[in-house]
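Here is the structure we will look at, set down as structure tokens.
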Amino acid sequence: MELKLKVITPNGIFLNSIEVNHVGVQTMDGDMTIYAHHAAIVSTLNIGIVKYTDSKGNLKYIHVHRGILQVNNNEVKVLTPWLYEVDEKGKRIGPRT
């Protein structure tokens, strides 16, 4: 895997450049899936779900409250005011961060 995911809130780093297979986001322009070697972009995120597959093949979900997405050099950065982990049905399973 060559793609890294970093998720940051005002409270600190939630995910620190973990290796992932892909990242799915909901931007203001529509849904997007990011794989390794994606073109560099900056976009705004809607309130919604960021999903990713970790290095073990587990699909994970994070609810974000808007934010900024940056993709550059095989790194995906998400900056959001707050977030919490959710399950595949969108049910909250973690504390607000």
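The values are calculated or read from the model by the stated rules, or taken from the named source; none is laboratory data. On a predicted model such as this, the values are computed, not experimentally measured, just so you know. Cβ sites come from the backbone with ideal geometry, for glycine too, and all protein chains shown count toward neighbours.
Between TYR84, TYR52, the distinction of being touching a strand residue (DSSP E or B) at 6+ places or on another chain (Cβ under 8 Å), under 14 Å from THR97 (Cα atoms) and in a strand (DSSP E or B) belongs to TYR84 only. Taking the condition surrounded by fewer than 12 Cβ atoms within 10 Å (Cβ to Cβ) and assigned to a strand (DSSP E or B), does THR33 pass? For THR33, the condition - surrounded by fewer than 12 Cβ atoms within 10 Å (Cβ to Cβ) and assigned to a strand (DSSP E or B) - is met. Filtered by the rule that a residue be among the aliphatic types (A, V, I, L, M) and more than 17 Å from ILE68 (Cβ to Cβ), the stretch 28-38 gives a lone residue, ALA36. The set of residues from the stretch 1-16 being closer than 11 Å to ASP54 by Cα and not hydrophobic (A, V, I, L, M, F, W, C) comprises just one member, LYS4. Looking at SER55, SER43, which one is over 17 Å from GLY90 (Cβ atoms), hydroxyl-bearing (Ser, Thr, Tyr), modelled with pLDDT under 95 and more than 12 Å from the chain's Cα centre (by Cα)? Sole residue among the options that is over 17 Å from GLY90 (Cβ atoms), hydroxyl-bearing (Ser, Thr, Tyr), modelled with pLDDT under 95 and more than 12 Å from the chain's Cα centre (by Cα): SER55. Taking the criterion of being loosely packed, with under 13 Cβ neighbours inside 10 Å and small (Gly, Ala, Ser), the only residue of the stretch 1-23 that qualifies is GLY12.
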